[in-house]
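To start, the structure under review is shown below, and the notes come after it.
The values are calculated or read from the model by the stated rules, or taken from the named source; none is laboratory data. Every value quoted in this text rests on a predicted model; they were computed, and no experiment measured them. With ideal geometry, Cβ positions are generated from the backbone for all residues, glycine too; neighbour counts draw on all protein chains shown. Areas reflect the complete protein model, heavy atoms only, side chains present, ligands, DNA and RNA absent. Shrake-Rupley method; radii C 1.70, N 1.55, O 1.52, S 1.80 Å.
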Amino acid sequence: MALCCSLCLLLLCCQALALGGGMLYPRESASRELKELNGIWSFRADFSPQRDKGFVQQWYRKPLRRSGPVIDMPVPASFNELTQDPNLRRYTGWVWYEKEVLLPRSWLLSALSTRVVLRVGSAHYYSIVWVNGVQVTEHEGGHLPFEVDISRIVQGSSGALCRITIALNNTLTPQTLPPGSIQFMRDESKYPRGYFVQNTKFDFFNYAGIHRPVMLYTTPSVYIDDITVTTDWAGNIGMVRYQVLVTGNTSYSLSLNLREKEGKVVATGARPIGALKVVEPKLWWPYLMHENPGYLYYLEVKLSAQVGGELSEDVYTLPVGIRTVHVTGRQFLINGKPFYFHGVNKHEDADIRGKGLDWSLIVKDFNLLQWLGANSFRTSHYPYAEEIMDLCDAYGIVVIDECPGVGMRDPENFGNTSLAHHLVVMEELVRRDKNRPSVVMWSVANEPASELSPAAYYFKTVIAHTKAIDPTRPVTFVSNANYAHDHGAPYVDVICVNSYFSWYHDAGHLEVIQLQLNTQFENWYKAYQKPIIQSEYGADSIAGLHNDPPLMFSEEYHTAVLKEYHSVFDKKRKDYVIGELIWNFADFMTDQGTGRVLGNKKGIFTRQRQPKAAAFVLRDRYWKLANESNCLRPTLTYHNL
Ligand code: GCB
C-alpha cells in the first residue's frame with residue numbers, strides 16, 4: 001500500500017501529457033542567453049514508509065534545508081553511488097533536489113520581451129518541478145529532455161533569487177518505459193513490515209537522479225520554437241527541406257542562411273517552409289567511409305517581429321548534414337553506397353557518477369571508438385545525451401537510436417497504457433533527434449517478449465507511428481525471439497538479432513557457434529528477406545583472467561567467441577548481413593545476482609576503459625573492414641557553433 005500512493009500519483013499525472021512545440025537544444029546566440037545550473041544541489045531522499053512525507057509537508061514551499069537535513073548532490077550524476085549508504089544506493093521512491101540561483105536583472109525586467117525557460121536534459125524517471133514554490137511542470141520518463149517557460153513566475157517575483165525544486169521518482173511499474181514492478185514481501189518471518197523490492201527485467205543497474213545538464217535560457221517572447229530539416233541530393237545538387245515553427249506571434253518575417261563550415265552562405269530562404277538548394281554539396285559521410293566524415297552545414301534562422309512597437313529578433317543556428325538513407329532487401333545505403341555497421345553497443349555508465357553526463361568520459365569513449373575503427377553504435381537501451389549525439393554528428397559516427405523499451409517481458413507491458421506512453425516516448429525521441437544526420441534508424445525496443453500475441457498489434461502500432469512522424473528513417477526493434485514466432489518482425493525494415501551461442505546456451509562449447517550462427521542467419525533471411533544486423537554478441541571476461549585452452553570468463557574464451565562469430569559474419573556480409581555490433585563496449589554495472597560479478601563483464605574495455613584482449617581482436621578486424629573500402633584515417637574534431 002505504502003508506495004502505491006506515490007505510484008497512483010505517478011499514473012494520474014502521465015495522462016495529462018501531450019506533446020507540443022519543439023525541443024531545440026539550447027544554444028547561445030545574439031538573442032539567447034544561457035545559464036547552466038550544474039554543480040552542487042541540495043538533496044534529500046524521502047525514506048518515510050510511504051515515501052510521501054515531502055508532499056505531505058510540502059517541502060517545495062520553502063528552502064529544503066528548512067524541512068530537514070540535506071546532503072550535497074552533484075548535477076549531473078546518479079545519486080546512487082556517491083555516499084557510503086547502501087540504502088541510498090538501492091533507494092526506490094521520491095528524492096528531492098533543490099538549487100537556488102540568482103538571475104541577471106535583464107532577465108527579470110523585460111517581462112514583455114524575454115522568455116525564461118528551465119530545461120532538464122534528463123531525470124529518472126518521473127519529475128515534478130517547482131519554481132519559488134509554484135509547480136511549473138511534470139514529466140514522465142528518463143533519458144529525454146523536458147522544459148518549461150518560467151517567465152511569469154520569476155518576472156513576477158520581488159527578488160532575483162530563484163529556487164528550483166525537483167522531486168524525482170525512480171519507481172518502475174508495468175506501464176513505465178522501461179517497465180518494472182514493485183514486489184511487497186509480506187512474510188513477516190522473513191522481511192520487516194512494509195518491505196518491498198523494485199524488480200526489473202533488464203540487465204543494467206537502475207541508476208537514478210538528474211543525469212544531464214539543467215539549464216536556464218532566454219528567448220525573445222516571439223521565438224523560433226522548432227526547426228525540422230530533411231535532406232536529399234541528386235547529381236551535384238543537394239536539397240535541405242526545412243520547416244520553422246514560430247511561437248508568440250503570427251506576424252513575423254524570417255531570413256535563413258545556410259552556411260558551410262567556413263561561414264560562406266551557400267543558400268538562403270525567407271519562408272517558414274521551403275527548400276534550400278546547395279550546388280556541389282559536401283555530403284555527410286560516416287567515419288571511415290570518406291576522408292572528410294561528418295561534414296556539417298549550419299542553418300542560421302533569423303526571426304524578426306514587432307513586439308510592443310519595437311523590433312524583436314531571435315536567432316538560432318542548427319547543424320545540418322546532407323545525406324540520404326535507404327534500405328533494400330539486402331543492403332543499408334547511406335548516400336547510395338552500401339554501409340556495413342562495424343561498431344558497438346554502449347551504456348551510459350561509469351564508476352561513481354553512474355549515468356551522469358561526464359565530458360572526460362565522453363571524450364575518452366569517442367577516442368576509443370576511433371582507435372577501434374568503429375563506425376557506429378546503438379544507444380542500447382535508451383536515448384543517450386544530446387551532447388554525445390552532437391559529437392556523433394560531427395565525427396560521422398552512425399547511430400541506431402533506441403528508446404527505453406527494454407525489459408518488456410511480461411504480458412502487462414503490452415497493454416493500452418504502455419502503448420500510449422510508448423508512442424509519446426517515440427514522439428519525444430524523434431522530436432529531439434530528428435535533425436541529426438548521425439541517426440540513421442530508430443529502434444523502438446530491445447528484446448521484448450515479441451513472441452507473445454499482443455506484441456503484433458503493439459509493434460505494428462509503435463512502428464507505424466514512428467514512421468508517420470519521421471518518414472525518412474527506417475525503424476527496427478532488436479529481437480532475441482525465435483524467428484518463426486516473432487510477432488513484431490514483420491513490421492521492421494531491418495532485422496536486428498541478438499544471440500549468445502556458447503554462452504547462455506551450450507556454455508563452453510565454442511565448436512557449435514559457427515553452425516548455430518549460420519542457421520540463425522539463414523532462418524531469419526528466408527523468413528523475411530530483409531537485411532540483418534547482428535545487434536549483440538559477446539561473452540564475459542574478467543580482465544587479467546587467463547586460461548588456455550579457453551574457458552569461460554577468461555580473456556582467451558572471450559576472444560575465441562568473437563573469432564568464431566567473425567568467420568560467419570565474413571561469409572554472410574557478402575550477402576545480406578549488414579552489420580555487427582559487439583556487446584558491449586565497456587563493462588557496466590548491473591543488479592546483483594549470481595551471474596554478475598560487480599556487473600556485466602562483456603565489455604571489450606573494462607569499466608575504467610582499459611582494453612581487454614578482445615579489444616585488440618576487434619580493432620584488427622574493424623580496421624581490416626575499413627581498409628577494404630580504401631578509407632583514409634581522418635582525425636575527428638568538433639566544430640563549436
Ligand atoms: C542481452 C541484452 C543486454 C544484456 C546482454 C547480456 O541480450 O540485450 O541488455 O546485457 O544480453 O550480457 O546478457
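A few points about this structure:
- Alpha-carbon Rg/Rh ratio, for the stretch 52-108, with Rh computed the Kirkwood way: 1.04
- Lysine pair count for the stretch 566-641 [Cα-Cα under 17 Å; pairs on different chains or 8 or more apart]: 5
- Centroid-to-centroid separation of the stretch 454-489 and the stretch 246-321 [C-alpha atoms, Å]: 34
- Rounded accessible area per residue of the stretch 288-369, 1.4 Å, Å²: 36
- Over the chain: helical MRE at 222 nm, DSSP H runs n ≥ 4 each giving -39500 (n - 2.57), nearest 500: -6500 deg cm²/dmol
- Our estimate of slack between residue 485 and residue 313, defined as 0.36 nm per intervening residue step minus the Cα-Cα distance, is 56.2 nm.
- Diffusion constant of the stretch 80-142 at 20 °C, which comes from Stokes-Einstein with the Kirkwood Cα-pair radius and 1.002 mPa s, µm²/s: 146
- Excluding ligands, DNA and RNA, the accessible surface per residue across the stretch 414-524 is 34 Å² with a 1.4 Å probe.
- Peptides ranked, highest mean first, by Cβ atoms within 10 Å: ranges 477-490, 212-225: 212-225, 477-490
- Distance cut-off 19 Å, percentage of C-alpha pairs in the stretch 240-316 lying past it: 46
- Split the accessible area of the chain by element, probe 1.4 Å, and carbon with sulfur accounts for 52%.
- Packing, as the average of other Cβ atoms within 10 Å across residues, places the peptides 403-409, 617-623 in the order 403-409, 617-623, highest first.
- Listed residues 434, 612 arranged by accessible area, highest first, probe 1.4 Å: 434, 612
- Cβ-Cβ FRET estimate between residue 241 and residue 189, R0 fixed at 56 Å, reported to 0.05: 0.25
- With distances taken between every two different alpha-carbon atoms, the stretch 436-495 has a Kirkwood hydrodynamic radius of 11.6 Å.
- Taking 20 °C and 1.002 mPa s as conditions, the chain diffuses translationally at an estimated 83 µm²/s according to Stokes-Einstein applied to its Kirkwood radius (Cα pairs).
- Taken per residue, the accessible surface of the stretch 89-226 reaches 34 Å², heavy atoms only and a 1.4 Å probe.
- Label-to-label distance, nm, for residues given as residue 597 and residue 509 (7 Å Cα→Cβ offset): 2.4
- For the pair residue 563 and residue 275 in one chain, pulling the backbone fully straight at 0.36 nm per residue adds 98.9 nm over the alpha carbon distance.
- Within the shell defined by Cβ-Cβ distances under 10 Å, the residues around residue 579 carry a net charge of +1, with Lys and Arg each +1 and Asp and Glu each -1.
- Across the cross-link table entries 261/364; 35/302; 277/434; 460/563; 460/526, which are compared at the Cα atoms, the separations over 27 Å belong to 460/563.
- Alpha-carbon Rg/Rh ratio, for the stretch 522-641, with Rh computed the Kirkwood way: 1.03
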